[in-house]
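A.B. asks: Structure incoming, see below.
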Amino acid sequence: MRTLPVGDDALLVEVTSGEEARALHAELLRRRAEGSLAVREIVPAARTVLLDGLTDPHRLAAELALSYVPSAPAHARDVVRLPVRYDGPDLGDVAAHWGVSPREVARIHADTEFSVAFCGFAPGFGYLTGLPRRYDVPRRATPRTAVPAGAVALAGPYTGVYPRSSPGGWQLIGTTDAVLWDHTRVPAALLAPGTRVRFVPVDGS
């Protein structure tokens, strides 16, 4: 574990894996809930956790260096089910990369339970893990200038759903009508770190 000060009242904690980041995030949330950690924001990423709004970042850094971080608890919250049409323009390329048929890509993806490791890139965009490492796929050599909202995409070990139209270089395998971000909803984001997610095929896909 490596800690780096960020400004006067924030701390970035680096770990070696996504699983360690998830475990640290869960432990820090637990400490804040019980009142032993005063912090405004706890933001997980791929292999880091940012703590913002600390009164004494240096003291917390020293405490964390001596702390035991238990494994992240099993997800207890309900599963968010996203309807998906496996009709993406890169479905064939992903199938070729995996060495299976496009229909098998859809089956493998829909049979997987995902969890949101962290959020970023755009409001409502979650980085979902769950597929075995053998299904990692590279980003496109040439990113698209516009990916439509609702596109279900793969890149590296992650699955993501574009909450709005934006440029992007992920491999597009499907489409969902689910609204990932709605500023009139509480909370606005459908997905948050730790959320369990299943993709449910529709229209015979």
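The values are calculated or read from the model by the stated rules, or taken from the named source; none is laboratory data. Predicted model only: the values in this text are computed from it and were never measured. Neighbour counts are summed over all protein chains in view; Cβ atoms, including those assigned to glycine, are modelled from backbone coordinates with ideal geometry. Calculation scope for accessible area: heavy atoms of the full protein, side chains included, ligands and nucleic acids excluded. Shrake-Rupley method; radii C 1.70, N 1.55, O 1.52, S 1.80 Å.
Conditions tested, residue by residue: (1) of a type in the set (D, E); (2) within 12 Å of the chain's Cα centre (by Cα); (3) open to solvent by 50 Å² or more (accessible area, probe 1.4 Å).
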{"site": "V105", "(1), (2), (3)": "no, no, no"}
{"site": "T112", "(1), (2), (3)": "no, no, no"}
{"site": "R140", "(1), (2), (3)": "no, no, yes"}
{"site": "Y158", "(1), (2), (3)": "no, yes, no"}
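A.B. asks: Related question: Looking at the structure I just gave you, is S71 on the phi < 0 side of the Ramachandran plot, part of a loop (DSSP other than H, G, I, E, B), open to solvent by 60 Å² or more (accessible area, probe 1.4 Å) and of a type in the set (S, T, N, Q)? Steps first, answer last, please.
C.D. replies: On the way: on the phi < 0 side of the Ramachandran plot: yes; part of a loop (DSSP other than H, G, I, E, B): yes; open to solvent by 60 Å² or more (accessible area, probe 1.4 Å): yes; of a type in the set (S, T, N, Q): yes.
Against the criterion (on the phi < 0 side of the Ramachandran plot, part of a loop (DSSP other than H, G, I, E, B), open to solvent by 60 Å² or more (accessible area, probe 1.4 Å) and of a type in the set (S, T, N, Q)), S71 qualifies.
A.B. asks: Also, quick follow-up: Considering only the range 2-24, how many residues are open to solvent by 80 Å² or more (accessible area, probe 1.4 Å) and under 21 Å from the mean Cα position of the chain (by Cα)? Show your work before the answer.
C.D. replies: Here is the first cut: in the range 2-24, the ones open to solvent by 80 Å² or more (accessible area, probe 1.4 Å) are 2, 5, 8, 16, 19-20.
Among the residues that remain, those that are also under 21 Å from the mean Cα position of the chain (by Cα) are: 16, 19-20.
Of the residues in that region, 3 qualify.
A.B. asks: Going through the range 75-96 one residue at a time, which ones are open to solvent by less than 90 Å² (accessible area, probe 1.4 Å) and either under 17 Å from V202 (Cα atoms) or modelled with pLDDT under 95 (or both)?
C.D. replies: Of the range 75-96, the ones open to solvent by less than 90 Å² (accessible area, probe 1.4 Å) are 75, 79-80, 82-88, 90-92, 94-96.
Once the filter is applied, which keeps residues that are open to solvent by less than 90 Å² (accessible area, probe 1.4 Å) and either under 17 Å from V202 (Cα atoms) or modelled with pLDDT under 95 (or both), the range 75-96 yields H75, V79, V80, L82, P83, V84, R85, Y86, D87, G88, L91.
A.B. asks: May I pose another question? Within the range 25-63, can you find the residues that are in contact with a helix residue (DSSP H, G or I) (Cβ under 9 Å, 6 or more places away or on another chain), within 16 Å of S115 (Cα to Cα) and open to solvent by less than 60 Å² (accessible area, probe 1.4 Å)?
C.D. replies: Matches in the range 25-63: P44, A45, A46.
A quick yes/no check of all residues on (1) surrounded by fewer than 16 Cβ atoms within 10 Å (Cβ to Cβ); (2) in contact (Cβ under 8 Å) with a residue 12 or more places away in the chain:
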{"residue": "A151", "(1), (2)": "no, yes"}
{"residue": "A155", "(1), (2)": "no, yes"}
{"residue": "V161", "(1), (2)": "no, yes"}
{"residue": "Q171", "(1), (2)": "no, yes"}
{"residue": "W181", "(1), (2)": "no, yes"}
{"residue": "P187", "(1), (2)": "yes, no"}
{"residue": "A192", "(1), (2)": "yes, yes"}
{"residue": "F199", "(1), (2)": "no, yes"}
